[in-house]
Amino acid sequence: MIALYTGVFGGSLHTEHQPRTTGRVLKWSLALTVAFVVVEFSAGLEAHSLALLSDAGHNLTDALALLLAWFAFRFEMKPPDEVKTYGYHRAGVLAAFVNALALMLLSGFIFYESYHRLMAPPTVNETTMILVATLGLLVNGAIMLGLRRDSAHDLNIRSAFLHMMGDALGSIAIIVGAIGIRYTGWQHIDPILSILIALLIIWTAWDITKESLNILLEGLPKGMKLNNVLAAMQGVDGVLGVHDLHIWSLGSNISALSCHVLIKDLPPSESEGILKRLNDTLRKRYGINHTTVQFERTNCCAFTNGCAIPYEPPS
């Protein structure tokens with residue numbers, strides 16, 4: 001939709017192209033998920049199946065996740081302004097973090113209900129379980145197909161995609177469990193399946209929680225090593241040293257860098273060539289397009305106060 005954002009204080013932020021269809025896919029996915037939640041919850045009550053009811057609860061959080069993902073997707077398209085000079089790229093990251101926490105909380109509730117069902121498992125209607133779970137598998141599979149392309153580079157969309165993947169796998173587990181109940185008559189399969197679904201939910205949420213929290217705390221972008229970037233920068237012709245190096249993520253796929261670079265006492269026309277070579281290296285090797293580089297002729301760390309961000313321990 002918008003490929004380039006220009007900051008108020010100079011420099012530009014580049015985003016990956018996000019197709020106009022992404023917003024529509026999220027809206028239609030939300031409508032399908034809400035409709036299926038109503039069907040699955042009603043069927044779970046009718047069939048006395050905690051597996052269906054817990055999966056309906058999971059789908060309800062998916063509906064909320066899709067709603068939040070859609071709002072965040074629209075919000076992060078807003079350009080930078082005088083207050084949010086970096087723009088709103090982290091709206092999607094924050095949405096992903098909230099979605100992951102919601103999944104964790106839901107898992108705790110499912111564990112609680114499963115324990116009581118294990119103590120006194122009710123009789124379930126396995127035919128209803130199979131029919132509804134099959135419908136759920138079709139719905140979630142269709143949504144996953146719609147979100148798959150953008151999930152590769154957008155943490156917000158990936159969190160919604162993982163919600164759907166968890167539901168699809170949960171539907172498969174319910175179908176297998178219902179078949180097991182039909183041929184064995186062992187009603188404990190239903191609460192055991194609920195526990196497996198809860199574990200699956202935690203598994204799908206954990207990676208999103210770590211990655212989104214890392215971005216919100218301005219940690220190093222996923223898969224990047226600071227020493228490797230430092231070595232690459234120091235290998236650029238004209239660079240004598242690099243220090244006070246900071247790299248962080250502005251959003252799911254936008255990284256920023258700031259540093260001090262020690263060079264010889266050169267006229268601006270020559271130092272511009274060094275800056276171009278640095279930016280080319282960072283862009284081609286690490287995908288970093290937004291940089292703030294301060295050239296120095298004398299290492300500022302030699303001064304009394306240094307140049308790193310000061311740390312004051314709590315009193």
Give me V34, V25 sorted ascending by neighbouring Cβ count inside 10 Å, so fewest comes first.
V34, V25
Given M119, L199, A102, which one lies farthest toward the positive end of the charge dipole of segment 4-216, if we put +1 on the Cβ of every Lys and Arg and -1 on the Cβ of every Asp and Glu?
A102
To the nearest 20 debye, what charge dipole does the chain have about its Cα centre, counting +1 at the Cβ of each Lys and Arg and -1 at the Cβ of each Asp and Glu?
560 debye
With label points set 7 Å from each Cα along the Cα-to-Cβ direction at Y112 and V38, the distance between them in nm comes to 2.8 nm
Which value results when the Cα radius of gyration for the chain is divided by 2.2 N^0.38 Å?
1.29
Segment 188-245: trypsin sites (Lys or Arg not before Pro) in DSSP coil with no more than 15 other Cβ atoms inside 10 Å:
K222, K225
Counting only DSSP beta bridges fully inside the chain, the antiparallel percentage to nearest 5 is 60 percent
Length released on extending from R277 to H246, taking residue separation times 0.36 nm less the Cα-Cα span
9.3 nm
Everything considered on the Cα gyration tensor (a ≥ b ≥ c; rounded for a/c under 1.5, else prolate if a/b is larger than b/c, else oblate), segment 100-173 must be described as oblate
Straight-line reach check, K276, cutoff 20 Å on alpha carbons, 8 or more apart in-chain or any other chain, hits among lysines -> K264, K284
Considering amide H positions built from the backbone, and no H for Pro or chain starts, which residues 5 or more places from F295, or on another chain, come under 5 Å of its amide H?
V261
List M165, M129, M224 from most exposed to least, where exposure is judged by having the fewest other Cβ atoms within 10 Å.
M224, M165, M129
Counting other Cβ atoms within 10 Å, keep those with at most 14, restrict to DSSP loop, and tell me which trypsin sites (Lys or Arg not before Pro) in segment 254-298 are left.
K264, R297
Sort out the exposed loop GluC sites (Glu not before Pro) in the chain (DSSP loop, at most 14 other Cβ within 10 Å) and tell me the longest stretch that has none.
83-217
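Only the coordinates and a few stated rules stand behind these numbers; no lab work does. These numbers come from a predicted model, not from an experiment. Cβ: placed from backbone, ideal geometry, glycine included. Neighbour counts: every protein chain shown.
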